[in-house]
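S.K.: My questions all concern the structure below.
The values are calculated or read from the model by the stated rules, or taken from the named source; none is laboratory data. Keep in mind the model is a prediction, meaning the values are calculated, not measured. Cβ sites come from the backbone with ideal geometry, for glycine too, and all protein chains shown count toward neighbours. The protein model used for the area step is the full one, side chains on, heavy atoms only, and it has no ligands, DNA or RNA in it. Shrake-Rupley method; radii C 1.70, N 1.55, O 1.52, S 1.80 Å.
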Amino acid sequence: MIEMKGVTKTYPNGVTALRNVDVSIKQGEFVYVVGPSGAGKSTFIKMMYREEKSSSGQIIVNGVNLSTLKDKQVPLLRRQVGVIFQDFKLLPTLTVYENVAFAMEVIEESPSVIRKRVMDVLNLVGLKNKARMLPSELSGGEQQRVSIARSIVNQPKVVIADEPTGNLDPDTAWDIMSIFEKINHQGTTLVMATHNKDIVNTIRRRVIAIESGRIARDEQRGDYGYEA
């Protein structure tokens, strides 16, 4: 599902964020990406949805070679890869329903299909009764649920979450993790960058630890391994 072979990323200022990284993630896996601040986690995550391009090496996501992907083809990739951010990135003037539906409207899905699918995913994340509310009327946890619904509404094979519980209180973070487990159990590959030691140590999944731009650990059912 996701292959990185000899991937290096050097920024224009000369900073090398990743060095010769080799990683293989299979369909249906749930993977945590952990490591100290500044270790290269965000670069690692961003390259999976082509927010960043590698300086060398090869990245293949769902059969698409991101190293040779033209910029105009990136939106097509994003339809196959759901992305969840720490700061939600919702459209403030659109309702919950409209924020989620927008992801289907841009691929010109039919209105009847959009209605059913949007309500199905809002039900999955527990927000069916708040479909007409604006983001400003929701709690942070509810806004993150909308973000999750938007990321999965087009049924992507891969969902990438960049610090998705970083702005949430502990109870809400656990609620979000239960949704992620549901998504993963449905067969979606989930890659999550996190600093949340308790979550990683409680919900044991594969752990990829990045330190100084290199893979320091890659363990099935691993632990967080750092002081939180």
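S.K.: Over all alpha-carbon pairs of region 1-53, lay out the pair-distance distribution in 10 Å bins, whole %, shortest bin first.
M.R.: In whole percents, the pair-distance histogram is 21, 59, 18, 2.
S.K.: What is the sum of charges, Lys and Arg at +1 and Asp and Glu at -1, for the other residues whose Cβ falls under 11 Å from the Cβ of D71?
M.R.: So the environment of D71 carries a net charge of +4.
S.K.: Using +1 on the beta carbon of Lys and Arg, -1 on that of Asp and Glu, and nothing else charged, what's the dipole of region 1-138 about the Cα centre, debye to 20?
M.R.: 100
S.K.: Quick one: pull the percent of accessible area on region 1-122 belonging to carbon and sulfur, 1.4 Å probe, ligands and nucleic acids left out.
M.R.: The computed percentage sits at 51.
S.K.: Calculate the FRET efficiency for E137 and S112 from the Cβ-Cβ distance with a Förster distance of 22 Å, rounded to the nearest 0.05. Display every interim value, and only then the final one.
M.R.: Numbers: r = 27 Å, r/R0 = 1.24.
The value I calculate is 0.20.
S.K.: Just round it to a whole percent: the fraction of Cα-Cα distances in the chain exceeding 21 Å. Intermediate results must be reported in sequence, preceding the final value.
M.R.: Working: 14265 of 25878 pairs.
It works out to 55 percent of all Cα pairs.
S.K.: Starting from the Cα gyration tensor of region 74-153, take the square roots of the eigenvalues, sort them a ≥ b ≥ c, and report rounded, prolate or oblate (rounded when a/c is under 1.5, otherwise prolate if a/b is larger than b/c, else oblate). Let's see the in-between values first.
M.R.: On the way: a/c = 1.70, a/b = 1.23, b/c = 1.38.
Note, shape of region 74-153 comes out oblate.
S.K.: Could you work out [θ]222 nm for the chain from helices alone, using -39500 (n - 2.57) per DSSP H run of at least four and dividing by all its residues? Round to the nearest 500 deg cm²/dmol.
M.R.: Per the formula, -9500 deg cm²/dmol.
S.K.: 7 Å from Cα along Cα→Cβ at both E105 and S67: what's the point-to-point distance in nm?
M.R.: With each label point 7 Å from Cα toward Cβ, the separation is 3.9 nm.
S.K.: Please compute the per residue accessible area over the chain with all protein chains in place, 1.4 Å probe, rounded to a whole number of Å².
M.R.: Values: 10810 Å² over 228 residues.
I get 47 Å² per residue for this part.
S.K.: Using every pair of alpha-carbon atoms in region 127-185, split the distances into 10 Å bins beginning at 0 and state the percent of pairs per bin, rounded to integers.
M.R.: 20, 55, 24, 0
S.K.: Which peptide among 44-51, 64-71, 100-107 comes first, and what is the full order, when sorted by highest mean count of other Cβ atoms within 10 Å?
M.R.: Numbers: 44-51: 20.9, 64-71: 13.1, 100-107: 17.9.
So the peptides 44-51, 64-71, 100-107, ranked by packing, come out 44-51, 100-107, 64-71.
S.K.: Would you be so kind as to identify which of N167, I148, I114 lies farthest towards the positive end of the dipole of region 69-228, taking Lys and Arg as +1 and Asp and Glu as -1 on Cβ and the Cα centre as origin?
M.R.: I114
S.K.: Given Cα pairs under 8 Å that are at least 6 residues apart, what percent is the relative contact order of the chain?
M.R.: Rounded, it is 28 percent for the chain.
S.K.: Same structure again: How long is the gain from E227 to N123 if the chain were fully straight, where each residue apart is worth 0.36 nm and the alpha carbon distance is subtracted?
M.R.: That pair, E227 and N123, stretches by 33.8 nm at full extension.
S.K.: P(r) tail for region 164-214, what percent of Cα pairs lie past 12 Å?
M.R.: Roughly 69 percent, once rounded to a whole number.
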